[in-house]
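*Asks:* Structure below; questions to follow.
Readers should treat all values here as calculations from the given coordinates under stated rules, not as data from a laboratory. Predicted, not measured: the structure shown is a model, and the values here were computed from it. Glycine also receives a Cβ, built like all others from the backbone with ideal geometry; neighbour counts cover every protein chain displayed.
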Amino acid sequence: MLELKHISFDVEDGGQDREIIRDVSLTIPDGRLVVVTGPNGGGKSTLARLIMGIEKPTSGTIALNGEDITNLSITERARRGIGFAFQQPVRFKGLTVLDLLRLAAGRELNPAEACEYLAAVGLCARDYINREVNASLSGGELKRVEIATVLARGTALSVFDEPEAGIDLWSFQNLIEVFEGMRKNISDSAIMIISHQERILNIADEIVVLADGQVEKQGPKDEILPGLIGTAAAVAACRKAI
Amino acid sequence: MKELDSIQKRLLEEIADLHAIPEGAYNIRSNSESAGRRSTANIEITPKTDVAGLDIRIKAGTRRESVHIPVVMTQSGLKEQVYNDFYIGEGADVVIIAGCGIDNCGMADSEHDGIHRFYVGKNARVKYIEKHYGSGDGAGKRILNPGTEVYQEEGSTVEMEMAQIKGVDDTERTTTAELAAGAKLVVRERLMTHGNQRAISTYVVNLNGAGSSADVVSRSVARDNSYQRFDAKIIGNAPCNGHTECDSIIMDNGRILAVPGLEANDVDAALLHEAAIGKIAGEQLTKLMTLGLTEQEAEEQIISGFLK
């Protein structure tokens, strides 16, 4: 379980402090898939980065399973069970897909095990396992490899920052299945997805609407989603992904 | 074969992955003497009489055989110049594993200048693997100045893997190649310098015959206060394809000079060069840290992947 208490995050912008996140308190319980949505610039990605420790909050506390992790580094948070899929995954010259999956799993993986993670994100494993994670991979392929690294970690809390950004419609269908699969096997872990895709919102247990750095709405999907349809917070796949 | 001490054995492992006497033909040179040599039915190794070095003659049509010619130096202050000539017969297909390891615990500089000349017959294929390594904490420098000359006849292929990852204080590496029609040269160089090391790598490749091609790729990492210069020139004298690439990671106070050069003397010479120097991207470190690696572990993974 992840608990954010009174989290604020300011950045300096032209000599003035600008509040990106304002006094956000939020709980992500185990066994739940929570989708954070809201307009662009509302602070969603920043919130995800604060959870992973890539940014440090100006004030407030973050606790994972009761432990205060506010001052822990990215590495320490990762080791305590937070996984993170970047919106724009980075490329590595020389590191292969298998290397990255091994690092993610924290152990030697045999090719068959690595293939399972790749198959889960819709990549034909045999073609990809020895590929370098470099510019030869397309944006969609890279994105799926990124998600596979989070699967390989098997973390207590997995955070996905706009997993649908930059992938084609066909891959998007697969992606929904990946998250449905994760939801099914969630047991005592938790998943947080940043997205404004209606189909992703549709598989959520809970939806949080973040606007202007604040929680605007929060609650079970059935309560929140109907009010979002047709707004920028819940875009139909065909409008956004093509 | 002469008994090697434990340092010599360790050097052999580093440069040639050798744990025992290699299969096939070999010559092991240790502190300027031959510590063991074997020729085979198809590969003859004979010492030169005028200068230090070997003649290695590989019969035409020799298939899937290998030659190991590692050099180890453990005596501080030793300086040597060695000439090894390889005559590779028509249609042969062989692997040549060279390499030099220097352990210098003393005050005096140790230096090995190996000049390798390859005469590659028609349609022959050669894979050449060369690793350089230095160890020992003496004030004396470990210096390696390899000179490589490659003469390729029609339709031959030479693939060279050259790596210098650790411990060599000073190196000036010069590689020249002359390619006849249809010949192909592929070079993969891996270089890492640290401390106050200096490494200079120069290539001059002449594509003389129609349909010849060269692909020279260097990846390097310069750490601490080290200096590197990569100078690669491809000259197209016929319809040909040439590509050179230098990709470097710079760290600490390292300095790198990349000088890719192309010269076309034929309207159908297609030549391309790429050069990039940059530090490790912050996002790469962050990504690996989200997988549970420390910043230092992340850096090591990125470098070892890059130099793989």
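*Asks:* Other chains' Cβ within 10 Å of B:296-304 residues: what's the mean?
*Replies:* Values: counts 1, 2, 3, 0, 0, 7, 4, 1, 3.
Mean number of neighbouring Cβ atoms from other chains: 2.
*Asks:* Also: Let me know the whole percent of all Cα-Cα pairs from the stretch B:136-252 that are separated by more than 17 Å. Please report the intermediate quantities before stating the final value.
*Replies:* On the way: 3730 of 6786 pairs.
The share of Cα pairs beyond 17 Å in the stretch B:136-252 comes to 55 percent.
*Asks:* Next up: In whole Å, what are the Cα extents of chain B along the three principal axes, biggest one first?
*Replies:* 57, 54, 35
*Asks:* Could you work out [θ]222 nm for chain A from helices alone, using -39500 (n - 2.57) per DSSP H run of at least four and dividing by all its residues? Round to the nearest 500 deg cm²/dmol. Mind dumping the intermediate values first?
*Replies:* Values: 10 runs with 85 residues, N = 242.
The per-residue figure over chain A is -9500 deg cm²/dmol.
*Asks:* If I model the stretch B:164-206 as equal point scatterers sitting on the Cα atoms and use the Debye formula, what is log10 I(q)/I(0) at q = 0.14, 0.15, 0.29 Å⁻¹?
*Replies:* Ignoring solvent entirely, the Cα scatterers give -0.43, -0.48, -1.06.
*Asks:* Calculate the mean, over all residues of peptide A:96-102, of how many other protein chain Cβ atoms lie within 10 angstrom of the residue's Cβ.
*Replies:* Working: counts 2, 0, 0, 4, 5, 1, 2.
The mean count of partner-chain Cβ atoms within 10 Å per residue comes to 2.
*Asks:* Using only Cα positions of the stretch B:184-308, each an equal point scatterer, no hydration layer, compute I(q)/I(0) via Debye at q = 0.17, 0.19, 0.20 Å⁻¹ and quote the log10 values to two decimals.
*Replies:* -0.83, -0.94, -1.00
*Asks:* Right, something else. Would you mind telling me which residue in A:Val36, A:Val209, A:Val90 has the biggest mean-square fluctuation in a Gaussian network model of chain A, where springs connect alpha carbons within a distance under 10 angstrom?
*Replies:* Result for chain A, Cα springs under 10 Å: A:Val90 fluctuates most.
*Asks:* What Kirkwood hydrodynamic radius do you get for the stretch B:1-68 when you take the inverse of the mean 1/r over all pairs of distinct Cα atoms, in Å? Intermediate results must be reported in sequence, preceding the final value.
*Replies:* Working: mean 1/r = 0.0770 Å⁻¹.
Value: 13.0 Å, from the Cα pair sum.
*Asks:* Now for a separate question. Please give the direction-averaged projected area of the C-alpha convex hull for the stretch A:138-242, in square nanometres with one decimal. Numbers along the way, then the final one.
*Replies:* Working: hull surface 27.5 nm².
So the Cα hull casts an average projection of 6.9 nm².
*Asks:* How would you rank A:118-126, B:204-212, A:104-112, highest first, on the average number of other Cβ atoms within 10 Å across their residues? Could you put the intermediate results ahead of the total?
*Replies:* Details: A:118-126: 18.1, B:204-212: 21.7, A:104-112: 14.3.
Output ranking for A:118-126, B:204-212, A:104-112: B:204-212, A:118-126, A:104-112.
*Asks:* What is the Å³ per residue value for the convex hull set by the Cα atoms of chain A?
*Replies:* Given the Cα convex hull of chain A, per-residue volume reads 131 Å³.
*Asks:* While we're looking at this one, here's another question. Find the relative contact order for the stretch A:69-191 and round it to a whole percent, using C-alpha pairs within less than 8 Å whose residues are 6+ positions apart. If you can, show how the numbers build up before the last one.
*Replies:* Values: 153 pairs, mean separation 42.4, N = 123.
Value for the stretch A:69-191: 34 percent.
*Asks:* Sticking with this one: Taking each pair of distinct Cα atoms in the stretch B:1-148 once, what is the resulting Kirkwood hydrodynamic radius in Å? List each step's numbers first, then the result.
*Replies:* Details: mean 1/r = 0.0648 Å⁻¹.
After inverting the pairwise mean of 1/r, the radius is 15.4 Å.
*Asks:* Let me ask you something else. Let me know the mean shielding of B:280-289 by other chains, meaning the per-residue number of their Cβ atoms within 10 Å of its Cβ. Let's see the in-between values first.
*Replies:* Numbers: counts 1, 3, 1, 6, 6, 2, 8, 14, 10, 10.
For this peptide, the per-residue mean of nearby foreign Cβ atoms is 6.
*Asks:* By per-residue mean of other Cβ atoms within 10 Å, what is the highest-first order of B:73-83, B:228-238?
*Replies:* B:228-238, B:73-83
*Asks:* Just add up the charged neighbours of B:His132: K/R +1, D/E -1, any other residue whose Cβ is under 10 Å from the Cβ of B:His132. Don't jump to the answer; show the numbers that get you there.
*Replies:* Working: positive: B:Lys131, B:Arg142, B:Lys166, B:Arg173; negative: B:Glu14, B:Glu130.
With Lys, Arg at +1 and Asp, Glu at -1, the net is +2.
*Asks:* Could you work out Rg/(2.2 N^0.38 Å) for the stretch B:126-172, with Rg from alpha carbons only?
*Replies:* Values: Rg = 14.4 Å, N = 47, 2.2 N^0.38 = 9.5 Å.
The stretch B:126-172 yields a ratio of 1.51.
*Asks:* From Cα pairs below 8 angstrom and at least 6 apart in sequence, can you work out the relative contact order of chain B, rounded to a whole percent? Can you show the working numbers first?
*Replies:* Working: 967 pairs, mean separation 30.6, N = 308.
About 10 percent, as a whole number.
*Asks:* A further question on this structure: Please compute the contact order of the stretch A:1-87 in relative form: average sequence separation of alpha-carbon pairs under 8 Å and at least six residues apart, divided by the residue count, as a percent. Intermediate results must be reported in sequence, preceding the final value.
*Replies:* Details: 124 pairs, mean separation 27.7, N = 87.
Relative contact order of the stretch A:1-87: 32 percent.
*Asks:* Counting each pair of different Cα atoms once, what's the Kirkwood radius of the stretch A:30-125 in Å, rounded to one decimal? It would help to have the intermediate numbers written out before the result.
*Replies:* Values: mean 1/r = 0.0629 Å⁻¹.
15.9 Å is the Kirkwood radius here.
*Asks:* When all C-alpha to C-alpha distances in the protein assembly as shown are sorted into bins of 20 Å, what percent of pairs does each bin hold, rounded to whole numbers?
*Replies:* Spelled out per bin, shortest first, that is 19, 40, 27, 13, 0.
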